[in-house]
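Asker: Quick one: structure below, then a few questions.
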Amino acid sequence: MAGEFMSAARPFIERNIHPTIIVNAYTKALEESLKIINALATPIDITKDEDVEKALCSCIGTKFVSRWG
């Protein structure tokens, strides 16, 4: 993942934007992402098997599962 961050930052570094400005932008993006995630998140009761199963199915409901499930 660090490599992807560096790849995304490369154009800014080539334009001589200081690395601390780039890091501050990443920090702001993280803060905004956390706000959005918290707004969209749905709490689940981990003591209820139905809730846990529903969360797991939505997480692993990918091509792999539909192919091999």
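Asker: To test your reading of the geometry: what angle, between 0 and 90 degrees and rounded to tens, separates the Cα axis of helix 2-14 from the longest principal axis of the chain?
Answerer: Tilt relative to the chain: about 30 degrees.
Asker: For the range 36-50, in order, what is each residue's ³J(HN,Hα) by Karplus, 6.51 cos²θ - 1.76 cosθ + 1.60 with θ = phi - 60°, in whole Hz (x at glycine and Pro)?
Answerer: Per residue, the Karplus-derived 3J(HN,Hα) values read 5, 4, 5, 6, 8, 5, 10, x, 10, 8, 6, 8, 9, 4, 4 Hz.
Asker: Can you give the Rg/Rh ratio of the chain, where Rg is from the C-alpha atoms and Rh is the Kirkwood radius?
Answerer: Rounded to two decimals, Rg over Rh is 1.20.
Asker: Under a 10 Å cutoff between Cα atoms, tell me which one of 24, 38, 16 has the largest fluctuation in the Gaussian network model of the chain.
Answerer: Largest GNM mean-square fluctuation: 16.
Asker: Also, I was wondering about something else. Which value in deg cm²/dmol, rounded to the nearest 500, describes the helix-derived mean residue ellipticity at 222 nm for the chain, given -39,500 (n - 2.57) per DSSP H run of n ≥ 4 and division by the residue count?
Answerer: When only DSSP H runs of four or more count, the value is -24500 deg cm²/dmol.
Just so you know, all these numbers are worked out from the coordinates, no wet-lab data involved. Please read all numbers here as calculations on a predicted model, not as lab measurements.
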